[in-house]
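Here is the structure we will look at, set down as structure tokens.
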There are 4 protein chains.
Amino acid sequence: MTYNIGFIGYKFMSRAHANALNKLAMFFSDAPDIERHVIVGRNEPALSKAAKTLGFAHTATDWVDALDEVDILYNLTPNSVHAEPSIAALERDIPVMCEKPLAPTLDGAEAMADAAADSDATAATAFNYRYIPAIQYAQNLVQAGELGEIHQVRGRYLQDWLVDPDAPWSWRNSEKLAGTGAIGDLGAHTIDLTDFLVGDRVGAFDRVSGHLQTFVEERPIEGDGETRQVTVDDAYTAQVEFESGAIGTFEASRFATGHKNDHSIAVYGSDGAIRFSLERLNELEFNGPDTRGFETILVTDPDDPYYDHWWPPGHVIGWEHTFVHENYEFLSAVESGEDYHPDFADGLAVQRVLDAIQRSDESGAWVDVP
Amino acid sequence: MTYNIGFIGYKFMSRAHANALNKLAMFFSDAPDIERHVIVGRNEPALSKAAKTLGFAHTATDWVDALDEVDILYNLTPNSVHAEPSIAALERDIPVMCEKPLAPTLDGAEAMADAAADSDATAATAFNYRYIPAIQYAQNLVQAGELGEIHQVRGRYLQDWLVDPDAPWSWRNSEKLAGTGAIGDLGAHTIDLTDFLVGDRVGAFDRVSGHLQTFVEERPIEGDGETRQVTVDDAYTAQVEFESGAIGTFEASRFATGHKNDHSIAVYGSDGAIRFSLERLNELEFNGPDTRGFETILVTDPDDPYYDHWWPPGHVIGWEHTFVHENYEFLSAVESGEDYHPDFADGLAVQRVLDAIQRSDESGAWVDVP
Amino acid sequence: MTYNIGFIGYKFMSRAHANALNKLAMFFSDAPDIERHVIVGRNEPALSKAAKTLGFAHTATDWVDALDEVDILYNLTPNSVHAEPSIAALERDIPVMCEKPLAPTLDGAEAMADAAADSDATAATAFNYRYIPAIQYAQNLVQAGELGEIHQVRGRYLQDWLVDPDAPWSWRNSEKLAGTGAIGDLGAHTIDLTDFLVGDRVGAFDRVSGHLQTFVEERPIEGDGETRQVTVDDAYTAQVEFESGAIGTFEASRFATGHKNDHSIAVYGSDGAIRFSLERLNELEFNGPDTRGFETILVTDPDDPYYDHWWPPGHVIGWEHTFVHENYEFLSAVESGEDYHPDFADGLAVQRVLDAIQRSDESGAWVDVP
Amino acid sequence: MTYNIGFIGYKFMSRAHANALNKLAMFFSDAPDIERHVIVGRNEPALSKAAKTLGFAHTATDWVDALDEVDILYNLTPNSVHAEPSIAALERDIPVMCEKPLAPTLDGAEAMADAAADSDATAATAFNYRYIPAIQYAQNLVQAGELGEIHQVRGRYLQDWLVDPDAPWSWRNSEKLAGTGAIGDLGAHTIDLTDFLVGDRVGAFDRVSGHLQTFVEERPIEGDGETRQVTVDDAYTAQVEFESGAIGTFEASRFATGHKNDHSIAVYGSDGAIRFSLERLNELEFNGPDTRGFETILVTDPDDPYYDHWWPPGHVIGWEHTFVHENYEFLSAVESGEDYHPDFADGLAVQRVLDAIQRSDESGAWVDVP
């Protein structure tokens, strides 16, 4: 069977997923057959151009119509558009890959997770960083007990594209369109990655204390003379305690001058530790029972996760490859009917942590994660 | 005039300061003349041996007697012994260099700061990390506005010497003797360093949210068969907000596997950023208006802070050199009568932040720093 | 016009180029239209499978026949097969992209360069590392004079896949099939990259002193019980002097334990310096007039070479992307008729340096590069 | 017994050794008792000042007279003054610590080694980098076979203090006073360190190919208007082959922009590899049988070489500490009468390699090391 794929959205994330789909046949020959069938958007000329570039056969301006034609839906829209089409697809048992965070509000995320629970179709939340070989290698180390009992976690996601107060306003600065700022856009990744790496060992996030800050209150509208209110956070910080008693600190910022896309995570256990940074995504730093310091491992050997599909050792891969792995696993799960993670329930779990951090910021007190 | 120096304590910190005093004549020829006169301790044989090794002319087992003979007192004892001799010395207008943190409790620190305020003598808190050339270079950059408006700070102090649950109990694990654990021993340094680097720009610590955790509840007594309760924290984390609205995260741990003495601080401003780690204390990472990434500066040029006293560029110095600089400045201030910082008021200010973090840990809510 | 592309060879390099061609439409929309038309090899079943995976419409077992059908030829074979098909294609004015080094012997390379000179078709040598954004950024710095007068160069290419004496014999260990070992396979890249980066500033390689070494004299044939002679070098080193008086050291090894694919180059000038390593190919270390130490630049901004075609800053690319850039430039030059570099003359120039290094190794004396 | 120490020379190296002697009592309590007795120089006022600063009881303007008073002689003069006083002392069985390189010419070094062979006194060449804890830790790894059979070595010593063509002329630029430039000043260290680390495994330096280059031919005399000829090398490179067939590359430069004192060495064996850089002298990078990548080891644990004498883990030491270790071992050997290395024969062996590199530079051919 060849699956007809439909995308809603035709910008950054659509390029990332279209590129991934385009590479599957060459590098993952046992991936299900797919056709980039229809791409949905409202701006016709831009959409037509994108369809051509991204290799889609058809375009549509209404996602409702598109649902009739597709076997699998990719929801690659701004956060405020995540819920409705995803739920509609799931109600028709159409598998969905939805970008993260699941929804701008916890209510929205719960409705989506409910729809997924009621559906026979696979519902994926697009936490692509689970698919970095170095991250999966790290998870294997943790699972195998190489780090012993986990005591502490530190996660941070640093960018600097808003540090200039004249950087233009975008939908990412709007509570209405994005829900939140750095915490939802970046923090969602970190919370999910933490759960992926150590969740089996430390249990769920038990309670959190959070802080959100907006450094620049309004920004210019591009090509206008006006400014518009920034209604989301520029940065957040959080302290957490896990069920096991392990503790952690979390942080994201769009004001971290000198950092472009530094998603870093460190885990400290009784027998070892790991450190990872997205800007050097082929590397993992590992301290274990047989090492004194941190060893820098280039996770590009044939027996490393996914690497037999790619190039010889040391011929490094990039950010886009995480999407290839993600799509391979998602499509394979759709075809086989096997469980897929991160699913919508995983996406909702992340959202619950984010929501608790926000509530803690408002109340000034620690908040239990439900 | 030659100053007679008296030390109370003859262990780790006494070696650090005695070595510093021993080096002054050779490397800081304009430092005041001093004599290592008397060293005070309770274990006579060990004390005699230490006196010989550390170059002291006399020993004493009672600090009260020793006060009659000394021009300057170094209080290098465990935290619980900081207050009484320091206050007694200041009441007699004898200058004091006291190790950090100032006292195990806020009350004790307040009494010490009061005594210093009432005394004509110099009262120094031994925050030696202010005297790292790379740190002073960094402070100069911040003061000169090279980083612009400061938005975020991240400080952490990572060690791993307690991660083994069989590591023996010591006074550092006792609330009675040490007051606190990682927060007082390590966190005190980080809070002071932050204030030193950016205090003029972001104002005081305004409010904090803290978390203290003890991972191993009891530890074996060395050469015994018994165990003893750990009554202090193994690690702490904190979120802070400064008066300016800048935010920060702080953390220390004795369970950070793979780290020996990693005291790191990062500062992000609107125009630049700096990063520093104590394990590479000759280096500063700097991102500024003229750089895209972080530049690794070896702060060992003749025009770098204190470096004209030492070696040619790239002939690096070590941890002990911070004490030489500290003692040079302290003794010079004693002689000249000029203000010295960090003084006891600075030590108290740090203690107030630490106390607020602890109270926040107890209450589960943000706490204003008085 | 749509160009019919033919590949000779269907292994490692063919995957790299096929992937590049497959990505052009999505990321370089102004690239010429191409069709992956025919792929040539001798093992029919493996070839058919490769054709399917790599997206070729047809297969052929004789490259002579294939020449009738193709508009552009990619010669992606072992070194000993480079000359004949490339020359035949050029004689018919069919553009050729040939893998490096140009030929196993200097004679072969000269014949190929002669054929290119006599042909109207573009003849490219596949030195893909010229197409790393960080390398082009570095070249721009050198060209702009940011490094001043160039004094010294250091190039090395370190791998470790032969350090195990039981690693199996392959064509890369055979003088007959490969011509040389590390020097041709790895050294060719370094010599070309050096010329690309600083050739305009230091002139040609003037004279060289070389050393080739084989550490393991014979290796097992896989799945056999026999061994076979290693007739090429495992490692080479060289000292060079350029026309300007600048000097350099070069080195490659397949025995550099702990290194997978570390192609590094450093350039020191009177005003600045650069350092690059292929294992961190998104980064360039730069010391310039405004920096004291080396600044680590993530060369992933929209105005960096080729990066406007890819992802937002810090969303790093990988080794394979160099082939996309290379193919884009090559195909654009084929279409426009403009000059393309590195061409066969550039490939021959590299070969002359390698040959001089080998002759120096034999004679034990410095050798002038013709 | 208390040994009367005499220094000839009162500048950079004298400060380094005087500081070391001053620290011995505090940190190496079993070191022989010494007195800083007499310091010899020609400029009386400067000498008196140095004597006071460096802690010497007496001064002398003629080293011949001084020999009557000293038990141990430190020859810390420019290279051209190494031979005569050292030989005179040894003839009187006075132990000598002489700075490196042993002499400006091979003849001089041979005479010195002959004098040492004929003397009952200890004769030390001051290769202080053997005394870095990380280097001794590395040597232990090599000796223990952790790296397996050694294949390749790379040593380089990079500084940049002459890259400015207006940097003033000094004795270090004079063949008459210094013998050579970068090769003798910096290369001597690298050759000795290589022999120390791997000599037992790879045998002696068998043959070499060398290259010396002077980039700036004359330099201004400070506070003058005149210039003076530079008669030594600014940089050298070399290729070597060891008796075992292992190979290496060596390099030093005073024109390596961005490097202050980067003495680096890398060793590659069949089972592992090490990398070291002097600018981070507390660290060793190690790849071994149990690691995939390079592990960064902070060599500051109590069971690391010499570290039980210093500070807790992670409280790093500096360049000057190498002299403390060196003097401790030298003085202990003087007292015990046991063999000491590096002795004058070791210094001569280094000089023979340097001389062969220079002769190779002149002849343009490989030269056997005698």
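The values are calculated or read from the model by the stated rules, or taken from the named source; none is laboratory data. Not measured: the values here are computed from a predicted model. Because the Cβ atoms are built from the backbone with ideal geometry, glycine has one as well, and the counts that use them run over all protein chains shown.
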Filter region B:139-154 for residues that are within 14 Å of chain A (Cβ to nearest Cβ) and touching a helix residue (DSSP H, G or I) at 6+ places or on another chain (Cβ under 8 Å); the one that is nearest to B:ASP107 (Cα to Cα) is B:VAL153
Check: Somewhere in region D:329-346, is a residue of a type outside the set (D, E, K, R), under 28 Å from D:ALA25 (Cβ atoms) and within 8 Å of another protein chain (Cβ to nearest Cβ)?
Finding: no
Per the list (1) under 25 Å from C:ALA103 (Cβ atoms); (2) surrounded by fewer than 19 Cβ atoms within 10 Å (Cβ to Cβ); (3) of a type outside the set (D, E, K, R); (4) touching a Ser or Thr at 6+ places or on another chain (Cβ under 9 Å), residue check on C:SER174 breaks on (2)
Selection from region B:287-319 of residues within 23 Å of the chain's Cα centre (by Cα) and on the phi > 0 side of the Ramachandran plot yields B:TYR306
Checked against (1) surrounded by fewer than 22 Cβ atoms within 10 Å (Cβ to Cβ); (2) within 21 Å of B:GLN143 (Cα to Cα); (3) facing another protein chain (nearest Cβ under 9 Å); (4) at pLDDT 95 or above, B:PRO312 satisfies every condition except (2)
Restricting region A:356-370 to residues that are more than 9 Å from chain B (Cβ to nearest Cβ) and assigned to a helix (DSSP H, G or I), the one farthest from A:THR214 (Cα to Cα) turns out to be A:ALA356
With criteria (1) at pLDDT 95 or above; (2) crowded, with 23+ Cβ neighbours inside 10 Å; (3) not hydrophobic (A, V, I, L, M, F, W, C), A:ASP206 comes up short on (2)
D:ALA18 passes all but one of the listed conditions (1) buried (at least 23 other Cβ atoms within 10 Å of the Cβ); (2) in contact (Cβ under 8 Å) with a residue 60 or more places away in the chain; (3) within 14 Å of chain B (Cβ to nearest Cβ); (4) of a type outside the set (Ser, Thr, Tyr); the exception is number (2)
Selection over region A:318-328 where residues are away from chain C (no Cβ under 14 Å) and under 13 Å from A:TYR129 (Cβ atoms) yields a count of 1
Among B:PHE294, B:PHE255, B:PHE250, B:PHE276, the single one that is closer than 23 Å to B:GLY155 by Cβ, within 14 Å of chain D (Cβ to nearest Cβ) and of a type in the set (Phe, Trp, Tyr) is B:PHE276
Here the qualifying pairs (Cβ atoms under 7 Å; residues six or more apart or on different chains; first in region C:220-233 and in contact (Cβ under 8 Å) with a residue 24 or more places away in the chain; second assigned to a loop (DSSP other than H, G, I, E, B) and loosely packed, with under 10 Cβ neighbours inside 10 Å) come out as C:PRO220/C:ASP166
Filter region A:272-290 for residues that are out of contact with any Leu (no Cβ under 9 Å at 6 or more places or on another chain) and touching a residue at least 12 places away in the same chain (Cβ under 8 Å); the one that is surrounded by the most Cβ atoms within 10 Å (Cβ to Cβ) is A:LEU281
Those residues of region A:155-185 which are more than 14 Å from chain B (Cβ to nearest Cβ) and in a helix (DSSP H, G or I) amount to A:TRP171, A:ARG172, A:ASN173, A:GLU175, A:LYS176, A:LEU177, A:ALA178, A:GLY184, A:ASP185
Within region A:205-239, the residues that are within 15 Å of A:ALA188 (Cα to Cα) and either more than 9 Å from every other protein chain (Cβ to nearest Cβ) or aromatic (Phe, Trp, Tyr) (or both) are A:PHE205, A:VAL208, A:LEU212, A:VAL232, A:ASP233, A:TYR236
| Would a scan of region A:134-145 turn up a residue that is on the phi > 0 side of the Ramachandran plot and not in a helix (DSSP H, G or I)? | yes
- request: Check whether at least one residue in region A:88-99 is away from chain B (no Cβ under 14 Å), modelled with pLDDT of 95 or more, part of a loop (DSSP other than H, G, I, E, B) and under 27 Å from A:GLY314 (Cα atoms), and report yes or no.
  value: no
Scanning region D:100-133 for residues that are assigned to a loop (DSSP other than H, G, I, E, B), at pLDDT 95 or above and among the β-branched types (Val, Ile, Thr) gives D:THR122, D:ILE132
Of the candidates B:ASP160, B:ASP166, the one satisfying the condition of being at pLDDT 95 or above and either more than 17 Å from the chain's Cα centre (by Cα) or not assigned by TED's automatic domain parsing to the domain that holds B:ASN287 (or both) is B:ASP160
Checking C:PHE286, C:PHE205 in turn, the sole residue that is closer than 23 Å to B:PRO289 by Cα and in contact with a Phe, Trp or Tyr (Cβ under 9 Å, 6 or more places away or on another chain) turns out to be C:PHE286
| message | Tell me whether region A:111-119 contains one or more residues that are in contact with a His (Cβ under 6 Å, 6 or more places away or on another chain) and surrounded by 21 or more Cβ atoms within 10 Å (Cβ to Cβ). | response | no
For C:GLN152, state whether it is in a helix (DSSP H, G or I), out of contact with any Gly (no Cβ under 6 Å at 6 or more places or on another chain) and modelled with pLDDT of 95 or more. no
ask   = In this structure, does C:GLY179 turn out to be crowded, with 16+ Cβ neighbours inside 10 Å, over 26 Å from D:ASP206 (Cα atoms) and at pLDDT below 95?
value = yes
Within region B:21-63, the count of residues that are part of a helix (DSSP H, G or I), closer than 22 Å to D:PHE28 by Cα and away from chain D (no Cβ under 14 Å) comes to 3
Picking from B:THR194, B:THR190, the residue that is within 14 Å of chain A (Cβ to nearest Cβ) and either surrounded by fewer than 22 Cβ atoms within 10 Å (Cβ to Cβ) or not aromatic (Phe, Trp, Tyr) (or both) would be B:THR190
Report task. Could you check, for region A:61-78, whether at least one of its residues is modelled with pLDDT under 95 and buried (at least 17 other Cβ atoms within 10 Å of the Cβ)? Result -> yes
